[in-house]
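Worksheet: the structure to be examined is printed underneath.
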Amino acid sequence: MILFDSVTKKYPGDKDPALDSVSLHIEPNEFVFLVGKSGAGKSTLMKMITKEELPDSGKIIIGGIDLDYVKKRDIPGYRRRLGVVFQDFKLLPRRTVYENVAFALEIAGMSSKEIRKTVPKVLDLVDLLDQAKKFPDQLSGGQQQRVSIARSVARQPKILIADEPTANLDKLTTEEIIGLLKKINDFGTTILVTTHNENVVNTLQKRVVTLKDGKIVNDQKNHGVYELSEAKVPVRKMQTPGYALKQRKKVI
Ligand code: ADP
């Protein structure tokens, strides 16, 4: 579902690569936390998935799509197939909660009739049906993030990625947002979340991939814990360059 095979990315002017031969295979319906200190390469990995940045070498396949073959003009269409959640919510300030979700569906080409059916359902999923007429600045941070999540799952993406979705939220709200992501995962969506929140990672006990200096130094498949300093669990075989690519046929 998400496949990185020996992906390397160095930004112009930087001495070291932001991602250094990263191989990662995330299967459909997995829930994965991506952790690592600031500068470890987490955002760069996310930007590779959305094609905001391009790798210098290596292969990336997302939901069966080889990103090498996604042309520039097709990138917006490709991104609409993913659910993307941001730490700063990125809501349209002059549109209501309802309109924020409806607008995303309109852009994606959904008919008005379908939109009228879909928006209440997703607002109900994130428990915001009663706030539909409010504007973003009339909502709490957690509620704004829930609108952002509603918007990104409205088209029922197979994959949802979230870069630090709880960075601006307090503890209780963070738990609420992570609970919502878990619910979405239970419905069958693959989830990849970057976070600095040790508590959240340790409570959920899902797969935890740790990046350090652009390399995966730890990959705990089950009952993962937040551990930045050194690999407690040996890096799994799938980290070997070439292995992930061999799995490609199975994924697609
Ligand atoms: P993280 O999300 O884990 O904090 P990043 O992916 O943002 O890590 O950064 C990884 C490395 O790449 C860092 O050394 C950072 O300075 C560098 N980097 C990130 N974005 C850019 C950029 N646009 N130009 C140059 N260097 C960058």
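The values are calculated or read from the model by the stated rules, or taken from the named source; none is laboratory data. Just so it is clear, the model here is predicted, and its values are computed rather than measured. Cβ placement follows ideal geometry from the backbone for every residue including glycine, while neighbour counts extend to all protein chains displayed. What goes into the accessible areas is simple: the full protein's heavy atoms, side chains included, and nothing from ligands, DNA or RNA. Shrake-Rupley method; radii C 1.70, N 1.55, O 1.52, S 1.80 Å.
The table below lists the values:
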{"quantity": "The chain - percent relative contact order, Cα under 8 Å, separation 6 or more", "calculated": "29"}
{"quantity": "List Phe187, Phe31, Phe86, ordered by accessible area with a 1.4 Å probe, largest first", "calculated": "Phe187, Phe86, Phe31"}
{"quantity": "Net dipole in debye of the chain [+1 Lys, Arg Cβ; -1 Asp, Glu Cβ; about Cα centre; nearest 20]", "calculated": "860"}
{"quantity": "Candidate lysines for bridging to Lys113, where Cα separation is under 20 Å - those fewer than 8 sequence places away on the same chain excluded", "calculated": "Lys121, Lys133"}
{"quantity": "The stretch 82-219: relative contact order in percent, alpha carbon pairs under 8 Å with at least 6 residues between", "calculated": "28"}
{"quantity": "Space enclosed by the convex hull of the alpha-carbon atoms of the chain, per residue, Å³", "calculated": "133"}
{"quantity": "Calculated log₁₀ intensity ratio I(q)/I(0) where the Debye formula runs over C-alpha points of the stretch 1-54, q = 0.26, 0.27, 0.28 Å⁻¹", "calculated": "-1.21, -1.28, -1.35"}
{"quantity": "Carbon and sulfur %, accessible surface of the chain computed with the full protein complex present, 1.4 Å", "calculated": "50"}
{"quantity": "Helix 97-107 vs. the chain, principal-axis angle (Cα, 0 to 90°, nearest 10)", "calculated": "60"}
{"quantity": "Charge dipole of the chain about the Cα centre (unit charges at C-beta), most positive-ward option of Tyr78, Tyr226, Leu129", "calculated": "Tyr78"}
{"quantity": "Ranking by accessible area, most exposed first, for Arg94, Arg81, Arg155 with a 1.4 Å probe", "calculated": "Arg94, Arg81, Arg155"}
{"quantity": "Per-pair calculated FRET efficiency, R0 = 41 Å: Lys15 and Asp127 via Cβ, rounded to 0.05", "calculated": "0.30"}
{"quantity": "By accessible area with a 1.4 Å probe, ligands and nucleic acids excluded, highest first: order of Val209, Val84", "calculated": "Val84, Val209"}
{"quantity": "Nearest-ten-degree value, helix 141-153 long axis tilted from longest Cα axis of the chain", "calculated": "80"}
{"quantity": "Rg [Å, one decimal], Dmax [Å, integer] - the stretch 92-156, C-alpha atoms", "calculated": "10.5, 30"}
{"quantity": "Net charge dipole size for the stretch 92-156 [Lys, Arg +1 and Asp, Glu -1 on Cβ; Debye, nearest 20]", "calculated": "140"}
{"quantity": "Residues of type lysines that Lys15 reaches as a straight line, Cα spacing below 19 Å, ignoring anything fewer than 8 places off in the same chain", "calculated": "Lys37, Lys42, Lys212, Lys215"}
{"quantity": "Label-point separation in nm, Leu54 to Lys113, each point 7 Å along Cα→Cβ", "calculated": "4.2"}
{"quantity": "Nearest-20 debye value, the stretch 51-113 charge dipole, Cβ charges on Lys, Arg, Asp, Glu", "calculated": "280"}
{"quantity": "Degrees separating the helix 171-186 axis from the principal Cα axis of the chain, which is the longest one", "calculated": "80"}
{"quantity": "Projected label distance in nm at Lys182 and Thr203, using a 7 Å step from Cα toward the beta-carbon", "calculated": "0.8"}
{"quantity": "Among beta bridges that DSSP assigns inside the stretch 60-192, antiparallel share in %, nearest 5", "calculated": "20"}
